[in-house]
Structures are given as structure tokens and as C-alpha cells.
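For reference, the structure is listed below as C-alpha cells.
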Amino acid sequence: MTAETWLSALQGLLQPSVILYLFAGIAIGTFIGALPGLSATMGIAIMTPITFWLDKTDGFAMLMGLWNAAIFAGGITAILINTPGTPASLTQAWDGYPLYKQGKGGLALGINVIFSFLGGVVSILMLILFAQPIADFTITFGAAEYFMVALFGISMMIGVAGGDVLKGLCMGAFGILLSCVGIDPILACKRFTFDITSLGAGIDFIPVMIGVFGLGEVFSQIYSRNREAEAAEVELRRTNLALGRVLPTAKQMKAWTPRCLIVSLAATVIGAIPAAGGDISAIICWGNSKKFSKEGDKYGHGSEEGLAVSSTANNGVIGGAMITMMTLGLPGDSVTAILIGSLMMYGMTPGYTMFTENAEFTCQIMILMLLACVAFLIVGLATAKVSAKVLNVAQPTVWACVSILCVVGSYCINNSFTDVVIMFIFAILGVFFKVFNFPTGPLVLGLLLGGTLESNMRRALTLSVGDWSYFITRPISCVLFVAVLLTFLWPIGKAIWDKKKAAKQN
């Protein structure tokens, strides 16, 4: 992408509507991230179909603002009420809440905003630097390579299976089966449509996501509602502890920044791994920082450095996740899985064509991500001392608003009542998945990548006249095949190693 492309992209963003929708996304993301039980994934899933009616630049301005703000805002509840607003904010509660109880709540909120900004900016700069070379490399990919890429992405279902590999594989298989509904990609005949015309185009990804992560989450919270705990939480929110100063001193910034820059780079790499999200990044980075820090014994007991590391790590995955999504078409996490659907909604497919046919819009997405970081830094610092008021919204009010948005959003994408029915079906299934501990990540991966997996496998077999060795005789696909094997064999090998190690200790 040339300098002229970047300049043209920037000029296209200098519009009042873009700035308006960017800050609207920041506001919505802050609200969603700061409310326990809601997440960036839910917010993106609900708002994506609504942005369909906007210009693509305005729509992505809102989505980028929402995503970046929701991740940082998850730390607000982690700090103030010891409840992570998003899964990525888990480790922030370990140090943030003790700091709040020590009367350093304002400083904790300031650290959250500033180092979330640092992690996000470094990660996005890595995206800008490395996305184009990776995309250029993918031009050599054929059907066999894309099949192996999709298979590698689906193999990541083991990583998001939540410790239960069998359930994860079952959910992944279910997602792949769902992707088979509609028109056969090779023979162009209908499959599994049950003579329902609207299913001819297949099961749309967005209604499923809204059902599982949106309305399904609402139903799940209603099902597991504990009024006594809810009352205690409200009382805790009203606790009047002094927040104190917000900004860290220059000495503190000098001490923490070098470590957090390293964490940013590590988080970018972790984010680029399909299915690895902010929660995994935060845990890995926080744990390793504790091992190598001079004040490691303070981690988990109110360490300001530990909170800075956690805040950097959870936002640092954003650029890495986008690298994987934009260049290979693989979701780096659940949010980028939905963003793939968003791009397809606007008629674009992630991969090499994003950097050729849609180069200007690709540049705009990257610039919007940087602008979103700057925007939530300004908003976060300006509202740090009043952010606790966001938590006073009653849960039933939130449930009602989210439910309305879920119904409207699922209908608007295709103006189809069938999509609303699909959304409700998966909302109910989402409750069962949560009650019986079935991971939803593999379902998402299977549904999203199943079509790519099938179509490219069949094309490759057609080219090779049915010769399966075609997949391992091509260099790139062979390397990817080895990566897939390692993905499946690693948990088995680790379990055997741990068993032998435990036997020796006994």
C-alpha cells in the first residue's frame, strides 16, 4: 500500500459522520464493557447488523470504537467491584480491586486507561507494519493451502474448548454441519434446507452469533439470577471509597513502560494465534511478568505494575487478532470472527484482495483502530472519577435493551423473519450450552470456517484427480499440516508427560 493510499484513506476519515460514529462506538463500548456479564463480543454481535444501514466507513468507525473501548472498560468493574466486565479483564481484578480498597481507585483507573492505550497502539502499529507482507505471501496459496489454513483454524477448537476437548470437538462438528446448510459450493444443489426458501443461502453467521452471545447471555443471566447477591453488589457499588489521583507520576511511567512495551509485543503475537484472546494474553503476560519482576510478591495483592501489565496485555491482542483475520481470513478471537462476517456483509473477503482491491478501506480500518485508542484514552481519563456511575444501571433494564437490539439486529441483516427465528433457537441453545458447560468457541469456528474447509478441499481434490497426497506434497500446505498435527497431538503429549511426572514425584 502506497503513501498515496494512506493519505487518501486518512482524508476519507476526516468527515464529521466518521468522528460521530467513532465516539458513539466508544460510548457504547464503554457502557457494555463496564457492565458485568456483557462483553465486547456481545456488543459487536448486536451492533454489526445495525451498521449494515450505514456507510462502510461509518459502520466500521462505530465497530472499532466499540471493540477498543469495551476491552478497556472491562477493567472498570474489575477495579471497582472485583468483577471483570469482560473475560480479558480477569487479571485486572487481582491487582485493581486491592488498589481500590487501599484508596488508590483513581490511580488504578488511570493505569487501566493509559496502559490499555499503550498496548493497543503498539499492537496496531505491528498490524500496519506486518499485515501487507503477510498478505503478499498468501498470494501463493491455492486450494490446498487454504484448506489447510481453515483446518488449522478449526483445530484451534481444542484451545477454546475450556478443558473439555470432547465437548469442544462435538461443538466444532455441529458448527461445520451448520455451515453445510444451503447451496452446495461445487454442484450448486440445495442441501438441508427442508424446502425453506430463506435457507437457500445458508444459515447466516450473524443471527447465530447474536443468539448465542447476545440474547442467550441475557436468558442465562435471568436463569441464574441471585437477588441477594445482586442486592449485595448494588450496596458494594455505593461504597464511598476515595478514588484519589488518576494520573501516574513520571517516575512510575518510566518504571513501568519498558516492561509494558515488551508485554505489548508478546500480546500481539498471542493475539495472532487463532482462538487466543485477551484473557489468555493477560494470564500469560501477568504470570510471566510476576516471575521476572522485582516486586513479583506484590502481584495479586495490589501491585500497580501488575495492573499496568494486565491492562497492556488485554488490549495488546487487538492488532495481532486483526493480522490473522485480515491476511488469512482466520478469526484471531471471537470478535474478529464477527468482523469477518461484517466485511462479508459489505461484499469483501479477508485475504490478499483486502490489500489490493480494497486497499484504501483496509488502511482506513487500521487508522480507525488508532483513532479509537486515542478516543478512549481521552474519554477514559476524562470520566475516570465518574465511571462508577455506569454500574448503577439495573440489570433488568440492561436485559430489556439488549433483547430489543438482538431482535432488531437479527432481522435487519436480511430483512428476514427466519433470521429472527434462528436467533431465538440459538439463544435457547446458548443457555443449554452454558448450563452444561459446552464451549461456544468451537461452534463459532466450525460455522465460520466450515464452508472454506469444504469448498477448498473439494477443489483441491478435483485438481489432483482425487489424490489426497496433494495436500502434503505442496510445501506450504505440508507445513500447515504439521502444525495441525501438533495442535491435536500436543494436549495428548502434555497429558502423558504430566502423568509420568506426577508418578515420579509419588
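Each reported figure results from applying straightforward, stated rules to the coordinates on display, with no laboratory input. Please read all numbers here as calculations on a predicted model, not as lab measurements. In this analysis, Cβ positions are derived from the backbone assuming ideal geometry, glycine residues included, and neighbour counts consider all displayed protein chains.
A few comments on the model shown:
- HN-Hα J in Hz across region 307-324 - Karplus 6.51, -1.76, 1.60, θ = phi - 60°, x for Gly and Pro: 5, 4, 5, 4, 5, 5, 5, 6, 7, x, 7, 4, x, x, 4, 6, 4, 5
- Measuring between alpha carbons in the structure, the pairs from Lys104/Lys251; Lys290/Lys434; Lys434/Lys501 lying more than 23 angstrom apart are Lys290/Lys434; Lys434/Lys501.
- Residue-wise HN-Hα couplings along region 207-219, as the Karplus relation 6.51 cos²θ - 1.76 cosθ + 1.60 with θ = phi - 60° gives them from phi, are x, 5, 5, 5, x, 6, 8, x, 5, x, 5, 4, 4 Hz; Gly and Pro carry x.
- Ordering Tyr146, Tyr223 by the number of other Cβ atoms within 10 Å of each residue's own Cβ, fewest first, gives Tyr223, Tyr146.
- Inter-label distance, nm, simple model (7 Å from Cα along the C-beta direction), Asp164/Gln15: 4.7 nm
- The label point for Val408 and the one for Asp55, both projected 7 Å from the Cα toward the Cβ, are 2.2 nm apart.
- Residues in region 69-77 carry Karplus couplings, in order, of 6, 5, 5, 5, 5, x, x, 5, 6 Hz; the curve used is 6.51 cos²θ - 1.76 cosθ + 1.60 with θ = phi - 60°, and Gly or Pro positions show x.
- FRET efficiency estimate (nearest 0.05) - Cβ-Cβ, Leu7 to Phe488, R0 30 angstrom: 0.05
- Extension gain (nm, one decimal) between Lys298 and Asn415, 0.36 nm per residue minus Cα-Cα: 36.7 nm
- When Rg and the Kirkwood Rh are both derived from Cα coordinates, the Rg/Rh ratio for the chain amounts to 0.97.
- Once the C-beta distance of Lys291 and Leu129 is scaled by a Förster radius of 25 Å, the resulting FRET efficiency is 0.30 to the nearest 0.05.
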